[in-house]
Amino acid sequence: MRTRLVAVIPVLLSVAPVARAQQPWARLPLAELEARAAKDSLDPDAFYLLALGYARAKRWDDEGRALRTAIAINPRYTPAYVALSFEPY
């Protein structure tokens, strides 16, 4: 069992940078995320990504507001509910 774990760790470490690179919003400035949400005000993805940007900036009130907006647009938008459950109070 230990040898399998040792063999898997380098693979997992090599995949982490690839996964980060596949998230283009992670490099976008907060102003760009705000502009995208303002441009398409009926897109829950835009507000979800905006909320993640607010979380990076530790703007918790704005994060919660953006997540609730995504839920108001689409009540079945699960990622917003999950992110809201981790919001610090």
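Values quoted throughout were computed directly from the atomic coordinates according to the rules given, and no laboratory measurement underlies them. Not measured: the values here are computed from a predicted model. Virtual Cβ from ideal backbone geometry, glycine too; neighbours counted across all protein chains shown.
Between beta-carbons, use under 12 Å as the cut-off and find the net charge around Glu63, counting Lys and Arg +1, Asp and Glu -1.
Details: positive: Arg56, Lys58, Arg59, Arg65, Arg68; negative: Asp61, Asp62, Glu87.
Surrounding charge for Glu63 is +2.
Per-residue 3J(HN,Hα) values for segment 57-67, derived from phi via the Karplus relation 6.51 cos²θ - 1.76 cosθ + 1.60 with θ = phi - 60°, read 8, 6, 9, 5, 5, 5, 4, x, 5, 5, 5 Hz in sequence order (x marks Gly and Pro).
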